Amino acid sequence: MDTAAYLDLLDRALEDRLIDSDEVQALAETAGEWGLRRNDVEQAHATYLRALAVTALADGVLTDFELTDLADVASGLGLGVDEIGAALHEARSHQPSASAGEPLRGLGVCFTGALQARLNGQPVTREQAQGLARAAGLVVHGGVTKSLDILVVADPNSLSGKAKKARSYGTRIIAEAAFWPAIGLTID
């Protein structure tokens, strides 16, 4: 039984904050192949939500942006308000260390859509987002090409030209809510 590997796969599936039917099927098949029972998968989902809660509370403040992200992820995992509350309670009680996640340094990144995050109470502009990405060691691109590594989207359902092109190329799409913590930032 390999719950850690399942969590890694789940993390990758949730980067865009959407789990489509193909991803649900792939996760279910993988869980079965790895010998995970339904209870194991449910516990893995709760563990994932707790880890996200720990990340959200790392600075001691739970912003509306972070709470919305927790709710979106919980919904995608089939979890509800009670599970969000339990994850936040445990995160506040135990504060286990969050794992570093996959490093993004050196990868090419592009942004699409109107950003939702706020930094120090002010909306994050596209220029600020690009500067923050550069400061984290990413290479900022103005458009989507076949060599682009990551497209950061404010709206996972985006039908923008950049999002369509990225999907057609198989480019990794990460929701803004997952991107900021991945580069070590706490955004309002």
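The values are calculated or read from the model by the stated rules, or taken from the named source; none is laboratory data. Keep in mind the model is a prediction, meaning the values are calculated, not measured. Note that we place each Cβ from the backbone using ideal geometry, even for glycine, and neighbour counts take in every protein chain shown.
Kindly evaluate residue 114 against the criterion of being of a type in the set (A, V, I, L, M), buried (at least 19 other Cβ atoms within 10 Å of the Cβ) and out of contact with any Ser or Thr (no Cβ under 8 Å at 6 or more places or on another chain). Spelling it out, it is not the case that residue 114 is of a type in the set (A, V, I, L, M), buried (at least 19 other Cβ atoms within 10 Å of the Cβ) and out of contact with any Ser or Thr (no Cβ under 8 Å at 6 or more places or on another chain). Against the condition surrounded by 15 or more Cβ atoms within 10 Å (Cβ to Cβ), modelled with pLDDT under 90 and outside the structural domain of residue 53 (by TED's automatic domain parsing), how does residue 156 come out, does it pass? Yes. Only residues that are assigned to a loop (DSSP other than H, G, I, E, B) and under 18 Å from the mean Cα position of the chain (by Cα) were counted across region 146-160, and they come to 6.
In this structure, does residue 121 turn out to be touching a residue at least 60 places away in the same chain (Cβ under 8 Å), surrounded by 17 or more Cβ atoms within 10 Å (Cβ to Cβ) and not aromatic (Phe, Trp, Tyr)? Steps first, please.
Values: touching a residue at least 60 places away in the same chain (Cβ under 8 Å): yes; surrounded by 17 or more Cβ atoms within 10 Å (Cβ to Cβ): no; not aromatic (Phe, Trp, Tyr): yes.
Taking the combined requirement at face value, the residue does not satisfy it.
The residues of region 127-145 that are touching a strand residue (DSSP E or B) at 6+ places or on another chain (Cβ under 6 Å) and assigned to a helix (DSSP H, G or I), listed by number, are 129, 130, 133, 134.
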